[in-house]
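Here the structure comes first, spelled out in structure tokens, and everything after it is commentary.
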Amino acid sequence: PEQLSGGQRQRVGVARALAADPPVLLMDEPFGAVDPVVREQLQDEFLRMQAAVRKTVLLVTHDIEEAVRLGDRIAVYGQGRIEQFDTPGAVLGTPATPYVAEFVGADRGLKRLSVTEIEPDDLDQPAVARAGEPARDAAARLRDEDARWAVVLDADGDLHGWVGIDEVSLAGEDELVGDLAHRMNAWVPVGAPLKQAFGVMLQHDAGWVAVLDGARFLGVLTPAKLHEALRRSVDADARGVARDEVSFDSVADA
């Protein structure tokens, strides 16, 4: 056992605990003694394991980001009592007490991005061109729509890439849109957290990310729509309603 790394020992400890098939599993800071890379790997494995075995797990941690990532419910303990017991989104969006607000930190809005999923209603619909249509036809339509670029889809509505109006405008008579399309690197699956979409925007220096359901294109998430989705999620938790029941004036609609 002394030859095992910290991460390997943690895995063995979890496996040994699960072997007894307990109704409830208590984990007291299980990932606290490993480096950040291994910690993230263990958290990923824990989420996969939990999805498979569906055990009730009481996990103690001082790391609010770990609690937000792993927990279905979070109990914030302080001042000799439970200060708040709620979903991760509610704890971050609507702290119940000043203690909770201080504990989750001033950057709780950024943490909230990791627990707010992308929904189809959050998306904008850009100009679209078909991979099999003549490039000159697409150029004429884009000019009519006053669009500088378009998402390129195949006949099944799957994402093929993107193309700029200058490229299709200068295309030869027999060239198709699909021949000129660029690979779309900035994309995320629907249901992914807003944090993932924000990270992809920064990674690719993109003004938006495509959102896919499998390969099927659903729309694009812009920074304005990302902010709107976050506001809508926070307001929904505060009012105890579904996100689609929340409406407000948005800069994205101005």
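Specify which of the listed residues (Thr97, Thr61) is open to solvent by 30 Å² or more (accessible area, probe 1.4 Å), among the polar types (S, T, N, Q) and in contact with an Asp or Glu (Cβ under 8 Å, 6 or more places away or on another chain).
Among Thr97, Thr61, only Thr61 is open to solvent by 30 Å² or more (accessible area, probe 1.4 Å), among the polar types (S, T, N, Q) and in contact with an Asp or Glu (Cβ under 8 Å, 6 or more places away or on another chain).
Does the range 140-157 contain at least one residue that is in a strand (DSSP E or B), surrounded by fewer than 16 Cβ atoms within 10 Å (Cβ to Cβ) and at pLDDT 90 or above?
No, that holds for no residue.
Would you please name the residue that is surrounded by the fewest Cβ atoms within 10 Å (Cβ to Cβ), looking only at residues in the range 125-139 that are of a type in the set (A, V, I, L, M) and not in a loop (DSSP other than H, G, I, E, B)?
Val128
Do the conditions hold for Leu159, that is, is it touching a Phe, Trp or Tyr at 6+ places or on another chain (Cβ under 6 Å) and among the hydrophobic types (A, V, I, L, M, F, W, C)?
Details: touching a Phe, Trp or Tyr at 6+ places or on another chain (Cβ under 6 Å): yes; among the hydrophobic types (A, V, I, L, M, F, W, C): yes.
It is true that Leu159 is touching a Phe, Trp or Tyr at 6+ places or on another chain (Cβ under 6 Å) and among the hydrophobic types (A, V, I, L, M, F, W, C).
Count, please, the residues in the range 13-46 that happen to be part of a helix (DSSP H, G or I) and surrounded by 12 or more Cβ atoms within 10 Å (Cβ to Cβ).
Residues that pass the stated criteria total 12.
Among the residues in the range 227-247, are any β-branched (Val, Ile, Thr), surrounded by fewer than 19 Cβ atoms within 10 Å (Cβ to Cβ) and modelled with pLDDT under 90?
Yes, some residue in the range 227-247 is β-branched (Val, Ile, Thr), surrounded by fewer than 19 Cβ atoms within 10 Å (Cβ to Cβ) and modelled with pLDDT under 90.
Does Arg73 satisfy the criteria of being in contact (Cβ under 8 Å) with a residue 40 or more places away in the chain, within 20 Å of Leu113 (Cβ to Cβ) and open to solvent by 60 Å² or more (accessible area, probe 1.4 Å)?
no
Being touching a Leu at 6+ places or on another chain (Cβ under 9 Å) and without any contact (Cβ under 8 Å) to a residue 40 or more places away in the chain is the filter; apply it to the range 139-160 and report the residue that is farthest from Val220 (Cα to Cα). Working first, answer last.
So in the range 139-160, the residues touching a Leu at 6+ places or on another chain (Cβ under 9 Å) come out as 139, 148-153, 158-160.
Now narrow it down to the ones that are without any contact (Cβ under 8 Å) to a residue 40 or more places away in the chain: 139, 148-150, 152, 160.
Working: Ala139: 21, Arg148: 15, Trp149: 13, Ala150: 11, Val152: 13, His160: 14 Å.
Ranking the candidates gives Ala139 first.
Take the range 168-185 and flag every residue that is surrounded by 18 or more Cβ atoms within 10 Å (Cβ to Cβ) and not in a strand (DSSP E or B).
Result: Val168, Ala171, Val177, Gly178, Leu180, Ala181, Met184.
Report whether or not Ala252 is modelled with pLDDT under 85 and under 25 Å from Val115 (Cβ atoms).
Here the answer is yes, as Ala252 does meet what is asked.
How many residues does the range 76-94 contain that are among the charged types (D, E, K, R) and open to solvent by 50 Å² or more (accessible area, probe 1.4 Å)?
2
Output the qualifying pairs, or none if there are none: Cβ atoms under 8 angstrom, residues six or more apart or on different chains, first residue in the range 14-38 and within 12 Å of Thr56 (Cβ to Cβ), second residue open to solvent by 30 Å² or more (accessible area, probe 1.4 Å) and among the hydroxyl-bearing types (Ser, Thr, Tyr).
Pro23/Thr56; Val24/Thr56; Leu25/Thr56
The values are calculated or read from the model by the stated rules, or taken from the named source; none is laboratory data. Just so it is clear, the structure is predicted and the values come from calculations on it, not from any experiment. In this analysis, Cβ positions are derived from the backbone assuming ideal geometry, glycine residues included, and neighbour counts consider all displayed protein chains. Remember, those area values only see protein heavy atoms, side chains included, never the ligands or the DNA or RNA. Shrake-Rupley method; radii C 1.70, N 1.55, O 1.52, S 1.80 Å.
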